[in-house]
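Readers should treat all values here as calculations from the given coordinates under stated rules, not as data from a laboratory. Just so it is clear, the structure is predicted and the values come from calculations on it, not from any experiment. All Cβ positions, glycine included, derive from the backbone under ideal geometry; neighbour counts span all protein chains shown.
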Amino acid sequence: MVEYLKVLRPDHWLKNVFILFGSVVAIALLPGDVPQDKFELGLRILLSLIPACLVASANYIINEILDAPFDRMHPTKCLRPVPAGTVSIPILWAIMAVITIVAFGLAALWFNLGYFVALGLLLLSGFVYNVEPIRLKDRAFLDVIAESFNNPIRLWLGWYALLPSNSFPPLSIILAWWFFGALLMAGKRYAEFRFIGDAERSGQYRRSFKVYTEKSLILSMVTHANFFCFCMGIAIAVYRPNLVFVFPLVVLAIAVYLNLAMSESEARLEPEHLLRSPWVILCTLAVVVVSAFLAWTDIDLTESFYFFEIISGK
């Protein structure tokens, strides 16, 4: 049983906290349209995580089964249950079918069409990413774009858990969240590329690594970081000008993440350790706390900034 639970990867469910971001955006932009009862509001936010976690586990099953021949080439992933041969493949397919049906049943029972469609996109992304002939996982640079598309999907799940299907979150926020995910995934690829440390073996493990180089992955990280800041800047200017003052913390968080991804010590660790680093967690929490304060404070800090600009101009 423990081996089957490992394939479901419940420890990776933590990634679905990004769904909460969609709910926060919904509350911040359309406070009058979300449930006004606080208990109902909190309950819907919590319930939105359950179908998403189940579908995520279904995707992990697909991933581990189809990746088994390649994972055997990896220094540590060769120890996963499927490549190690400690689980039954037919039983895994059966588990995947059951949890997928349960997930969509709960989604239909608890939420609207928008949430149901977003959940379908989450499952579809797993197929597009892992299954031939598309299998975007093997296509350099597209693999990062495809995997990070789960960020906008999670945003939609959080949004539609609270708002009707005929509403839609701002495109600038969707793109910013997408590029933020792409930055994280590019950093993960870079760390993984260096973790394997052998060009021939890395190419056998993942076909995209036959194309990647350290330089191209660094350029990819920088590009995604710039696009994230650009889209985030548009969203802030239009919806919450106060949040412009969180930019120094955002830049610091990105710098910390890139430094960890590029350091010699982190190259010897599994790439998932990047996101679990105390420094990354600390910087992320600082951004979240300061952003929450700036978004909901009644003080318009930009007016004070303009005032000092005028004074200095005189």
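Using a Gaussian network for the chain with springs between C-alpha atoms less than 10 Å apart, which of these wobbles most: 120, 181, 158?
Result: 120 has the largest fluctuation of those listed.
Please compute the Cα-Cα pair-distance distribution of segment 1-168 with 10 Å bins starting at 0, giving whole percents from short to long.
In order of increasing distance, the bins hold 10, 36, 32, 16, 5, 0 percent.
Could you point to the residue in 93, 20, 165 farthest towards the positive end of segment 1-168's charge dipole, with +1 and -1 charges on the Cβ of Lys/Arg and Asp/Glu respectively?
93
Can you give me the angle between helix 150-160 and the longest principal axis of the chain, using Cα atoms only, in degrees from 0 to 90, rounded to the nearest 10?
60
Kirkwood Rh, Cα Rg: Rg to Rh for segment 104-151?
Taking Rg over the Kirkwood Rh, I get 1.11.
For segment 110-132 and segment 135-177, write down the distance between their C-alpha centroids in whole Å.
Comparing the Cα centres of segment 110-132 and segment 135-177, I get a distance of 11 Å.
Just to confirm the number: angle between the C-alpha axis of helix 38-47 and the first principal axis of the chain, 0 to 90 degrees, nearest 10?
Helix 38-47 and the main axis of the chain meet at about 30 degrees.
Just to verify a number: FRET efficiency for residue 40 and residue 106, C-beta to C-beta distance, R0 = 22 Å, to 0.05?
Once the sixth-power term is evaluated, E becomes 0.85.
Local charge sum around residue 23 (other residues, Cβ-Cβ under 11 Å, Lys/Arg +1, Asp/Glu -1)? Kindly include the intermediate steps, with their values, before the conclusion.
On the way: positive: 44, 154; negative: none.
Combined, the nearby Lys, Arg, Asp and Glu give +2.
Tell me, what is the percent relative contact order of segment 1-168, built from C-alpha pairs under 8 Å that lie six or more residues apart?
35
With +1 on the Cβ of every Lys and Arg and -1 on the Cβ of every Asp and Glu, and nothing else charged, how large is the dipole of segment 1-168 about its Cα centre, in debye rounded to the nearest 20? Before the final figure, lay out each step's value.
Numbers: 12 positive and 12 negative charges, 36 e Å.
The dipole magnitude comes to about 180 debye.
Go ahead and set up a Gaussian network model of the chain, Cα springs under 10 Å, then flag whichever of 242, 130, 16 fluctuates most.
In this elastic network of the chain, the residue with the biggest mean-square fluctuation among 242, 130, 16 is 242.
Dimensions of the chain along principal axes (Cα, Å, largest first)?
Ordered largest first, the chain gives principal extents of 71, 48, 32 Å.
For segment 1-63, calculate the relative contact order in percent as a whole number, restricting contacts to Cα pairs under 8 Å that are 6 or more residues apart.
About 57 percent, as a whole number.
For the chain, find the longest principal axis of its Cα atoms and tell me its angle to the long axis of helix 278-296, 0 to 90°, nearest 10.
40
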